[in-house]
1. Determine the share of region 218-294's accessible area contributed by carbon and sulfur atoms, expressed in whole percent, with a 1.4 angstrom probe.
2. For the peptides 293-300, 197-204, what is the packing order when you average, over each peptide's residues, the other Cβ atoms within 10 Å and list the highest mean first?
3. Count the net charge of all other residues whose Cβ sits under 10 Å from the Cβ of LEU283, scoring Lys and Arg as +1 and Asp and Glu as -1.
4. Assign one of three labels to region 110-266, namely rounded, prolate or oblate, based on the Cα gyration tensor with a ≥ b ≥ c the square roots of its eigenvalues; rounded applies when a/c is under 1.5, prolate when it is not and a/b is larger than b/c, and oblate otherwise.
5. To the nearest 500 deg cm²/dmol, what mean residue ellipticity at 222 nm is calculated for the chain from DSSP H runs of n ≥ 4 alone, each contributing -39,500 (n - 2.57), summed and divided by the residues?
6. What is the list of residues in region 203-235 whose amide nitrogen lies under 16 Å from a point 7 angstrom out from the Cα of ASP261, following Cα to Cβ?
7. Considering the zone a paramagnetic label at ALA88 would reach in this model (a point 7 Å from Cα along the Cα-to-Cβ line), which residues of region 321-341 have amide N under 13 Å from it?
8. Over 19 Å, how big is the tail of the calculated P(r) for region 254-361, in percent of all Cα pairs?
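The values are calculated or read from the model by the stated rules, or taken from the named source; none is laboratory data. This is a predicted model, so every value here is computed, not measured. With ideal geometry, Cβ positions are generated from the backbone for all residues, glycine too; neighbour counts draw on all protein chains shown. SASA here: full protein model, heavy atoms, side chains in, ligands and nucleic acids out. Shrake-Rupley method; radii C 1.70, N 1.55, O 1.52, S 1.80 Å.
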Amino acid sequence: MNSFLKLVMFFLSISLFVSCGNADDDVNYALNTSDGFGQGQPVDNCLDLGENDLILSIQDQYTTDPGKVSIFFKVSNSDGSPVSGLTADQFTIYEQGRNDDCFNTISTSESNARISPNEQIFSSNTLLILDLSNSVLQSSLEELKTASTSFVNTVMPETTQESYKMAIYWFDGEDVLHELNPLTSEKSELTEAIATINKDISSDVSTDLYGAVIKSTDIATELLNASTQGDKIGAASVVIFTDGKDQASRYSKDSAQKKVDTADPNISFFTIGLGSEIDTEALTAIGKTSSEFAANKEELEETFNRISDLVSERASSFYLFEYCSPKRGGDNNLAIQVNKGSLQGAVQTKFNADGFTGGCE
């Protein structure tokens, strides 16, 4: 009987997944906390777009009079890695009204389709956490300062944007995560703070790595909660650098790992390790989004750059796509397809066009 019930449930789940869409289909409006379709769903088979190489995960959507449709989503490869740098001409719009058997292609030029700035609904906060224990200060401080400055310059936008902010903290053996510079959108403020680091900044020769992991995760959680008030959507990144193992033994490895594993899915974790005294297994587990290791201080800047590219790409993989719909009423299905070289992906959702008129720009 148990096997029979499992079989029935399996076929029911399959039938729900592949059922054809129409203007009356429901959309899952649960907040997206994974790399699935978010608020969207797979595209109707009548479009015959093929398998998704790219995943469009809808985070939010809304309409604005007289007829603008706005969809906020992130794009990733099938392996979950972010896809940045997409432009409006790489998207195709399909609409299906109540009288349409399938979807009709909407001209992106005639509908004034565009990728719009997303500051009004999205915020990205990055925490750079630096190990400034005695071993770093005595042997690789200048290289760390150069690498950290390069990290800031890569992650922060060229022009100041309130939706992209960073804070810098440091740790040694104390039961404190020291603030080097508070959360800011000013790149110059961050680089100037890095320049002030000197060998006298710490008086504790130990390394409280796991304490830094726990405290930085708590800060990232608070920032994410604060930045997602109202209708805003947020993401956060924690980037931790160290050149050694946890020496303070104040907190356990398991408690630090549990803190990371149970954190909000919209918090990404990156780790950077330097030298031969690090615990690569522990750092890889903590840096569950990505981890990088430098064999010596000469490789440090290059290693930081690899992580900074990932952090930047992750933040830049969120898009606010907007267009002017020709629909003038009722519930309508919408499918958005993106093409990047030989890769394609699509997602389906719906919108209500009651009250839509001409004149949308």
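1. Numbers: 1510 of 3540 Å².
Summing carbon and sulfur atoms, their accessible area is 43 percent of the total for region 218-294.
2. Details: 293-300: 16.5, 197-204: 13.8.
Result, highest mean Cβ count within 10 Å first: 293-300, 197-204.
3. Values: positive: LYS245; negative: ASP279, GLU281, GLU292.
Overall, the nearby charge balance is -2.
4. Working: a/c = 2.77, a/b = 1.54, b/c = 1.80.
Note, shape of region 110-266 comes out oblate.
5. Working: 8 runs with 99 residues, N = 361.
Per the formula, -8500 deg cm²/dmol.
6. Residues 214 qualify, since their backbone N sits under 16 Å from the label point.
7. Of the residues in region 321-341, 321-325 have backbone N under 13 Å from the label point off ALA88.
8. On the way: 3794 of 5778 pairs.
Across region 254-361, Cα pairs with separations above 19 Å total 66 percent.
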